[in-house]
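Single-structure report; data block below.
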Amino acid sequence: MALTKTANQNASRLTAHIGFWMRLVSNHVSQAFARKLEASGVTVAEWVILREMYGGDETTSPSAVAELTGLTRGAVSKLISRLLSKGLVTRNESARDRRYQDIQLTDAGVSLVPHLAQLADENDEEFFGVLSRSERRTLTTLLKKTAALRDLTQIPLE
């Protein structure tokens, strides 16, 4: 069944949507960053956990990390297990309550975060370096405004 010309004219083009352009850019920015992280043996999701733990309290809990990132405790637990196997965090029974666990960045984890942050900065520069400082501020302001209006607080991981 062929579409009529009138029906075709009433449907907006894919590229007419701001969301299309945001998704196009976002996907490429994220994929490029994931490729940069591969050499360090860390995924984007693991990077988020490491970065959120860096510079905070010496120890934290999986539930605190879940709250910071907007992830479920189950997802955080899996990520922490992966980071444990990579020697980037430690997990111990809480001294305050044995039902809880304290997690902490290892020296290797603490050393790795600035390197990964530099990769994130370089990735941003590769994609957004063509924008002036003013354009970057405007883009950031508009995206933050849109996120705030929709109460978007969960940290994107992929």
Could you give me the residue pairs with C-beta distances under 8 Å whose first residue belongs to region 103-116 and is more than 22 Å from residue 73 (Cβ to Cβ) and in contact (Cβ under 8 Å) with a residue 12 or more places away in the chain, whose second residue is assigned to a helix (DSSP H, G or I) and of a type in the set (D, E, K, R) wherever it lies, and which are 6+ apart or on separate chains?
113/51; 116/51
Of (1) modelled with pLDDT of 95 or more; (2) over 18 Å from the mean Cα position of the chain (by Cα), residue 98 satisfies all except one. Which?
(1)
Those residues that are within 11 Å of the chain's Cα centre (by Cα) and not β-branched (Val, Ile, Thr), I need them from region 27-53; list them, please.
30, 33, 34, 45, 46, 47, 50, 51, 52
When restricted to 87, 70, 55, the only residue at pLDDT 95 or above and on the phi > 0 side of the Ramachandran plot is 87
If you go through region 109-129 one residue at a time, do you hit one that is part of a helix (DSSP H, G or I), touching a Leu at 6+ places or on another chain (Cβ under 6 Å) and within 23 Å of residue 56 (Cβ to Cβ)?
yes
Is there any pair with a first residue in region 58-73 that is more than 13 Å from residue 89 (Cβ to Cβ) and among the aliphatic types (A, V, I, L, M) and a second that is in a loop (DSSP other than H, G, I, E, B) and at pLDDT 85 or above whose Cβ atoms are under 8 Å apart and which are 6 or more apart or on different chains, and what are they?
66/72
The residue from 55, 41, 74 that alone is closer than 14 Å to residue 103 by Cα and either among the small types (Gly, Ala, Ser) or part of a helix (DSSP H, G or I) (or both) is 55
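Out of everything in region 77-106 that is of a type in the set (Gly, Ala, Ser) and part of a helix (DSSP H, G or I), what residue ends up being surrounded by the fewest Cβ atoms within 10 Å (Cβ to Cβ)? I'd like the intermediate steps shown before the answer.
First pass over region 77-106, keeping only residues of a type in the set (Gly, Ala, Ser): 77, 81, 85, 87, 94-95.
Retained after the next criterion (residues that are part of a helix (DSSP H, G or I)): 77, 81, 85.
Values: 77: 17, 81: 12, 85: 9.
If we take residues in region 77-106 being of a type in the set (Gly, Ala, Ser) and part of a helix (DSSP H, G or I), then 85 is surrounded by the fewest Cβ atoms within 10 Å (Cβ to Cβ).
The values are calculated or read from the model by the stated rules, or taken from the named source; none is laboratory data. Here the structure is a predicted model, which means the values were calculated and not measured. Note that each Cβ is placed from the backbone with ideal geometry, even for glycine, and that neighbours are counted across all protein chains shown.
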